[in-house]
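S.K.: Would you mind keeping the following structure in view while I ask a few things?
What follows is calculated from the coordinates using simple rules that are stated; it is not laboratory data. Bear in mind the structure is a predicted one, so any value in this text is a computation, not a measurement. With ideal geometry, Cβ positions are generated from the backbone for all residues, glycine too; neighbour counts draw on all protein chains shown.
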Protein chains: 4
Amino acid sequence: MTNETARIEAFSDGVFAVAITLLIFQVHVPPHEPPGGLRIALIDLWPSYLAFLASFMTIGVMWLNHHRLFSFITKKQDGLIVLNLLLLLVITWLPFPTALLAEHLRGPHADQQTAGLVYATSLFAIAIVFNVLWRYAIRIDAVGDHANVVGISRQYAIGPVLYAVLVVIAYFSADWCLVISALYALYFALPPSLLRRRME
Amino acid sequence: MTNETARIEAFSDGVFAVAITLLIFQVHVPPHEPPGGLRIALIDLWPSYLAFLASFMTIGVMWLNHHRLFSFITKKQDGLIVLNLLLLLVITWLPFPTALLAEHLRGPHADQQTAGLVYATSLFAIAIVFNVLWRYAIRIDAVGDHANVVGISRQYAIGPVLYAVLVVIAYFSADWCLVISALYALYFALPPSLLRRRME
Amino acid sequence: MTNETARIEAFSDGVFAVAITLLIFQVHVPPHEPPGGLRIALIDLWPSYLAFLASFMTIGVMWLNHHRLFSFITKKQDGLIVLNLLLLLVITWLPFPTALLAEHLRGPHADQQTAGLVYATSLFAIAIVFNVLWRYAIRIDAVGDHANVVGISRQYAIGPVLYAVLVVIAYFSADWCLVISALYALYFALPPSLLRRRME
Amino acid sequence: MTNETARIEAFSDGVFAVAITLLIFQVHVPPHEPPGGLRIALIDLWPSYLAFLASFMTIGVMWLNHHRLFSFITKKQDGLIVLNLLLLLVITWLPFPTALLAEHLRGPHADQQTAGLVYATSLFAIAIVFNVLWRYAIRIDAVGDHANVVGISRQYAIGPVLYAVLVVIAYFSADWCLVISALYALYFALPPSLLRRRME
C-alpha cells in the first residue's frame, strides 16, 4: 500500500533536501575588505540571512506537509505523479526569488518592490499547487477515511488566502514580506500538533 | 524481488533529484541595474526561464519513465546497472546544454544554432540510451509478463524519432527547439495514463 | 515502529549528503598563474583544505550521531520533526562559515578572528540544538529502554561545553579553532565504539 | 540483517549521487564570443568534457563497487561507518582535482603535470581507502560466506597497483592520465559480470 508511493516520496525528499541545502550557497562570503572590515561586511549581509531563513522555513514546512499529505495517500495515479512534479517545479524555482530578494532588499525602492512581488507570488504559486494536489488526492479517493481529512483541507485552504495577502504586503514592503513569510511557515509547521492530533 | 533493484533506483532518484533541482542555479540573479531597472532585467531573462522549464520537464518526465520502467523490472544484472549509469551520464550532462542555450538564445544567429543543436542532440542521446536500456531489460527477461510491455515499447520507440526531428528543428530555430522539447515532455508525461492503464 | 521515522531519516540523510558533498565546491581552482606557478598556488590553498576537512568531519560525525540517535527513537511527534528541521537548519548553515574561514584564514588578524568566531559559534549552535533534540526525544518517551541512554546523554552533554571552549579558542586563533574542531569531530566519532558498546 | 546497513547505504548513495551530478557544473558555459565563435569555443572545452567523463565513470564505478561490497556486508560496526566516511571524504574531494585538471590541461607543461599528479594521487587514495574498507569488513566477519569473496579481494587488490601506475603516467602526461583513468573505470565496471558471476 504505502509502497505504492514510496518512490515518489523518495524522489520528492531528494528534491526538497537539495533545494533546502543549496539555499546557503546564495549567501556569498564577503571578499577581502580593508583590514577589520569583515565584521561590518557580515552584518551588512542581513538581507541574505533573512532570505535564507525565510526560504529554509518555507521549504522545510512544505516538506513537512508533503510528508503529512503522503502519509494519507494510499494509492498513486499518473495524475498524482504529474501534480507532484508540478509542486516540485515551484519548489525548485524558489531559490531564484530567494537570491533575488537577498540581492535587492537594500536596493532602490522600485527594485525592492519587484523582488518582493516575485518572491511573494512564488510562495502564492506553491500554496495553490499544494492545494490542487491535496484536492486531487481526495477526488481520486487516494486518501483514506481519516477523520481529520476535512480539518486538513480547511487548514490548507487558508494557504492561498494568506499568500495572496503576502503579495499585497510585498507591494508595500519587501522587508515585511520576508518576515511575514517566515511567520506563515511557523503557522503551517506548528499548529497541527497543537490543534488537531498527536501522532504517536 | 523488487528489492533487487532498490538501491539502483535510490541512487538514480538521487541523481535525478540533484540534476532537476540544480537547473535553477543556472538562472542568474540580475546585478544592480539603474534604479527601477530590475523589472526589465527580469523580463529579459525569459530564455533562462524557458530553458529551466523545458529541462525541468524533460528530467521530470525521464524520472517518471525511469520509475515506470523499473516498476516492471524484477531482476538486475550487471549490464542493466552499467546501462543505467550510461543513462545517468546523459541526464547529468543536460544542465550544461541547458545553461548553454539560456546564455546564447538571444546571441548571434550562428551561436543560437550551435547551442540549439547541442541541446537537441543531448535530448536525442537521452532518448537513444533510454530505449537501449528498455530493450536490454526485455532481452534479459528482467521484465515481467505484463500485457502492456509491447505498448510501452512502441511508445518509447517513437522517442528517438521525435528527438531526431528536434535536431532538425534546432538547425532552423533554437526558440522552437526549446518550446517543442517542452511539448515532447508533456507527451511523454501524460498519454500513458490516458491511453494505456490506470495504476491503482 | 522504525518506519515511523523512516522518512524523517531519509530527508535528513539527503540534507546531510548534499551539505557534506558541496563543501568541496568552496575550494576554488586557482586560475592560470605564471607557468609553473600552480604548485605554489595549490599549496597556498591549505586553509581551504583544512576548512573542508574540519567541516567534512563535523558534518560526517553529526550524521553518525543523528543516525545513532534515530536508531533509538521509536516514535515520532510533530515536535521532533520541527526540532529535527532546526538541526538541519544549523547543519545547512555550516558551509557558509566554512567558506568564510577558508577565505579569511590568512587575512588581517581582526578578520581571522571574526571568521573564527562565526565558525566556532556555528558549531556551538549545532551542539546545543543536537542536545535539545536528544533531550526532547527522551522527554516524550520516544526513546526505548536502552541501558546506554544515560551514557549517551552524558556524552552528548559534553558537546556544548567543548564547543563553548572552542569559541574562546577562536577568539585567540582561527587556525587552532579549525584544528581543534577536527579533533572534536574525531572524539565524537570514535569513542562510543571503544567505550560503550559494540553494535552487532 | 541487510537493514543494519540500510541507512549507511542511503547516506552513501546520496553523497555519490550529489558528487556525480555536480561534476557537470565544473564545465563552464563559454561567454559571448565574436558572433559565430561559440562552435570553436565549445570544441576548445574538450579537456572539460574529458575530465567530466573520466570522473563520472570513476565515481559511477565506485558507487557500483560500493553497492556490490555492501550487498555482502551483513552487519555493521562503528569502525565500518567511520571507514565508510573516510571513503566518502575522498569521493567528495574528487570534483576538485577534476576541475583542476580540466582548467590546466592545456596550460604550461609544469602545471599540467601538477594537476595530473593531484588527480592521479586522488584516485590512488580512493583505491587505497576502498581496499582498507573491504579488508576491514572481512576481518570483522561482517561479510557472509560467499564463495566469491576471495575473487573479489583479488580483483580489488589490483586497484592500488593500477592507480600507482597512473601516478607515474601522470608525471609524464596529464592527457594520458585522464584517458587511462577512464579505461580503468571500464575495467572495474565490466569484468565482474563477465568473469565471475551473474547476479540474478
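S.K.: So, in Å, what gap is there between the alpha-carbon centers of the range A:71-119 and the range C:1-46?
M.R.: A separation of 26 Å, based on Cα centres.
S.K.: Tell me the net charge near C:Ala185. Cut-off is 15 Å between Cβ atoms, C:Ala185 excluded, with +1 for each Lys or Arg and -1 for each Asp or Glu.
M.R.: 0
S.K.: So, one more: So, with +1 on the Cβ of K and R and -1 on the Cβ of D and E, and no other charges, what is the size of the charge dipole of chain B about its Cα centre, to the nearest 20 debye?
M.R.: It works out to roughly 540 debye.
S.K.: For B:Ala157, place a label point 7 Å out from Cα along the Cα→Cβ vector, do the same in each other copy, and report the separations in nm, one decimal, smallest first.
M.R.: 5.0, 5.1, 7.1
S.K.: Quick check on the exposure proxy: order C:His67, C:His104, C:His32 from fewest to most C-beta atoms within 10 angstrom.
M.R.: Ordered from fewest to most neighbouring Cβ atoms within 10 Å, C:His67, C:His104, C:His32 come out as C:His32, C:His67, C:His104.
S.K.: In peptide C:40-52, what is the residue-averaged number of other protein chain Cβ atoms found within 10 Å of each Cβ?
M.R.: The per-residue average across the peptide is 1.
S.K.: Residues with beta-carbon under 15 Å from that of C:His104, excluding C:His104: net charge, scoring Lys, Arg +1 and Asp, Glu -1?
M.R.: Cβ neighbours under 15 Å give a net charge of -3.
S.K.: Using θ = phi - 60° and the Karplus relation 6.51 cos²θ - 1.76 cosθ + 1.60, list the HN-Hα couplings for the range A:124-133 in order, rounded to whole Hz, with x at every Gly or Pro.
M.R.: 4, 4, 4, 4, 4, 4, 4, 5, 4, 4
S.K.: With the label 7 angstrom out along Cα to Cβ, how close does B:Asp44 come to the same site in each of the other copies, in nm, nearest first?
M.R.: Copy-to-copy label distances for B:Asp44: 2.5, 2.5, 3.5 nm.
S.K.: Then there is this: Given a Förster distance of 60 angstrom, what is the FRET efficiency for A:His32 paired with B:Thr74, based on the Cβ-Cβ distance and rounded to 0.05?
M.R.: 0.55
S.K.: Please report C:Asp13, D:Asp44 as a ranked list, fewest other C-beta atoms within 10 angstrom at the top and most at the bottom.
M.R.: The fewest-first ordering by Cβ neighbours comes to D:Asp44, C:Asp13.
S.K.: Rank the residues A:Ser153, C:Ser12 as a footprinting-exposure proxy: fewest other Cβ atoms within 10 Å of their Cβ go first.
M.R.: A:Ser153, C:Ser12
S.K.: Using a label position 7 Å from Cα in the Cα→Cβ direction, what is the ascending list of nm distances from B:His28 to the same site in the other copies?
M.R.: 1.0, 1.0, 1.4
S.K.: Treat each spin label as a single point 7 Å out from the Cα along the C-beta direction, and report the D:Ala110 to A:Arg106 distance in nm.
M.R.: 4.2 nm
S.K.: Counting only other chains, and only Cβ atoms inside 10 Å, what mean value do you get across the residues of A:81-93?
M.R.: What the average comes to for A:81-93 is 5.
S.K.: Go through the range B:172-181 residue by residue and turn each phi into a ³J(HN,Hα) via Karplus (6.51, -1.76, 1.60, θ = phi - 60°); whole Hz please, and just put x for glycine and proline.
M.R.: 8, 7, 5, 4, 5, 4, 5, 4, 6, 5
S.K.: Along the Cα→Cβ direction, 7 angstrom out, place labels at B:Ile138 and B:Leu183. What is the inter-label distance in nm?
M.R.: A separation of 2.7 nm, rounded to one decimal place.
S.K.: Another one. For the range A:1-104, divide the Cα radius of gyration by the Kirkwood radius and give the resulting Rg/Rh value with two decimals.
M.R.: Reported Rg/Rh (Cα atoms, Kirkwood Rh): 1.15.
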